[in-house]
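See below for the structure under consideration.
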Ligand SMILES: Nc1ncnc2c1ncn2[C@@H]1O[C@H](COP(=O)(O)OP(=O)(O)OP(=O)(O)O)[C@@H](O)[C@H]1O
Ligand SMILES: [Mg+2]
């Protein structure tokens with residue numbers, strides 16, 4: 001599939017494929033994924049657990065090129081005109097942490113407990129920008145202030161365990177922002193936080209994007225969060241993109257039954273009973289040749305199981321992978 005392309009496009013992923021090792025051999029878990037993220041856009045990747053969101057992110061970051069258990073088998077990841085998948089390790093390292101930065105769900109696993117936060121924020125400033133220790137420290141304090149850490153000049157000498165979970169996420173954001181990245185990937189950055197802190201983090205990310213004009217890929221399994229923070233969304237199912245478009249349009253008028261199911265599963269304010277999609281997604285290597293969602297789809301017809309369904313780009317910029325899309329009238333949310 002082709003993706004929209006313009007002068008303001010920061011990242012284009014084209015037909016990305018990733019395999020993982022299973023007891024039966026290599027299995028494709030990210031298949032033919034294409035997406036584009038504009039400068040200043042927050043692009044949400046959403047889908048059930050195991051749908052390939054994190055592997056897509058890791059492939060974009062160049063983090064699975066040398067793994068025994070996962071490998072990129074095809075596609076392009078274009079940051080500007082540079083295909084990151086074609087770079088040597090040495091050249092890739094020049095981009096990682098500088099042009100590309102990532103925030104993970106659990107900051108304790110990515111922050112080093114043995115170093116102060118100023119050291120950890122300052123490390124990439126010194127490595128990538130050649131700043132002195134003193135300059136890096138001053139910049140670290142500015143960054144901690146920017147992400148809302150009070151008394152930053154004193155707190156920069158603290159170690160990660162001296163911060164609460166929400167504050168550690170802010171520190172992670174400061175680390176990620178250190179070299180003003182062109183692309184920030186946030187993989188479930190608010191999942192482990194309570195709702196109030198989560199709302200504060202989402203607002204902070206929004207304001208940072210507006211101030212810095214970065215492109216952001218925001219990963220979550222929560223369409224409510226997508227609705228709150230993202231401009232555009234790509235919905236994953238079993239390693240494939242099944243729908244994408246502007247968030248408002250996808251939420252108000254989903255065109256794939258899986259997206260409709262996800263929307264119905266978001267708890268409503270009224271007294272409607274909680275709803276879920278019956279069944280579970282196929283395991284890696286156990287996908288059928290037809291539509292992967294068909295076994296769980298209430299609209300499924302015989303033809304859905306016999307033919308692979310291509311992702312079709314509609315005139316209004318939406319992409320949908322459903323053979324019945326033109327005949328269905330699906331329910332969205334306001
Ligand atoms: N290193 C690995 N080795 C083997 N299999 C893997 C590896 N990483 C991921 N997988 C498998 O690939 C599939 C996609 O995983 P991925 O982590 O991308 O899912 P996800 O959409 O991020 O899910 P979640 O919402 O739970 O984070 C899953 O079936 C997962 O078990
Ligand atoms: Mg994940």
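Annotations
- Tally of residues being modelled with pLDDT of 95 or more and either within 16 Å of ligand 1 (Cβ to nearest atom) or within 20 Å of the chain's Cα centre (by Cα) (or both) across segment 257-289: 2
- Of 177, 144, all but one fail to be away from ligand 2 (no atom under 16 Å from the Cβ) and under 20 Å from residue 113 (Cβ atoms); the exception is 144.
- Criterion (under 26 Å from the mean Cα position of the chain (by Cα) and assigned to a helix (DSSP H, G or I)) met by exactly one of 204, 184: 204
- Cβ-Cβ under 7 Å pairs, at least 6 apart or on other chains, segment 46-58 side closer than 15 Å to residue 261 by Cα and assigned by TED's automatic domain parsing to the domain that holds residue 251, far side near ligand 2 (Cβ under 8 Å from one of its atoms) and part of a helix (DSSP H, G or I): 47/53
- Counted residues, segment 34-69 - those being in contact with a helix residue (DSSP H, G or I) (Cβ under 6 Å, 6 or more places away or on another chain), more than 14 Å from ligand 2 (Cβ to nearest atom) and over 24 Å from residue 202 (Cα atoms): 1
- Filter pass, residue 25 being away from ligand 2 (no atom under 16 Å from the Cβ) and more than 24 Å from residue 177 (Cβ to Cβ): yes
- Residue within segment 183-192 that is closer than 30 Å to residue 36 by Cα and out of contact with any strand residue (DSSP E or B) (no Cβ under 8 Å at 6 or more places or on another chain) present: yes
- Scanning segment 310-322 for residues that are at pLDDT below 95 and in contact with a helix residue (DSSP H, G or I) (Cβ under 9 Å, 6 or more places away or on another chain) returns 312, 314, 316, 317, 318.
- Hits in segment 300-312 (condition: surrounded by fewer than 16 Cβ atoms within 10 Å (Cβ to Cβ) and in contact (Cβ under 8 Å) with a residue 12 or more places away in the chain): 301, 303, 305, 306, 307, 308, 310, 312
- Candidates 250, 225 - the one that is within 15 Å of ligand 1 (Cβ to nearest atom), in a helix (DSSP H, G or I), out of contact with any helix residue (DSSP H, G or I) (no Cβ under 6 Å at 6 or more places or on another chain) and touching a residue at least 12 places away in the same chain (Cβ under 8 Å): 225
- Filtering 117, 147, 37 for residues that are in contact with a strand residue (DSSP E or B) (Cβ under 6 Å, 6 or more places away or on another chain) and in contact (Cβ under 8 Å) with a residue 40 or more places away in the chain leaves a single hit, 37.
- A residue that is assigned to a helix (DSSP H, G or I), under 20 Å from residue 325 (Cβ atoms) and within 16 Å of ligand 1 (Cβ to nearest atom) cannot be found anywhere in segment 238-245.
- Candidates are the residues of segment 282-299 that are more than 16 Å from residue 256 (Cβ to Cβ) and out of contact with any helix residue (DSSP H, G or I) (no Cβ under 7 Å at 6 or more places or on another chain); the one that is surrounded by the fewest Cβ atoms within 10 Å (Cβ to Cβ) is 289.
The values are calculated or read from the model by the stated rules, or taken from the named source; none is laboratory data. Quick caveat: nothing in here was measured; it's all calculated off a predicted structure. All Cβ positions, glycine included, derive from the backbone under ideal geometry; neighbour counts span all protein chains shown.
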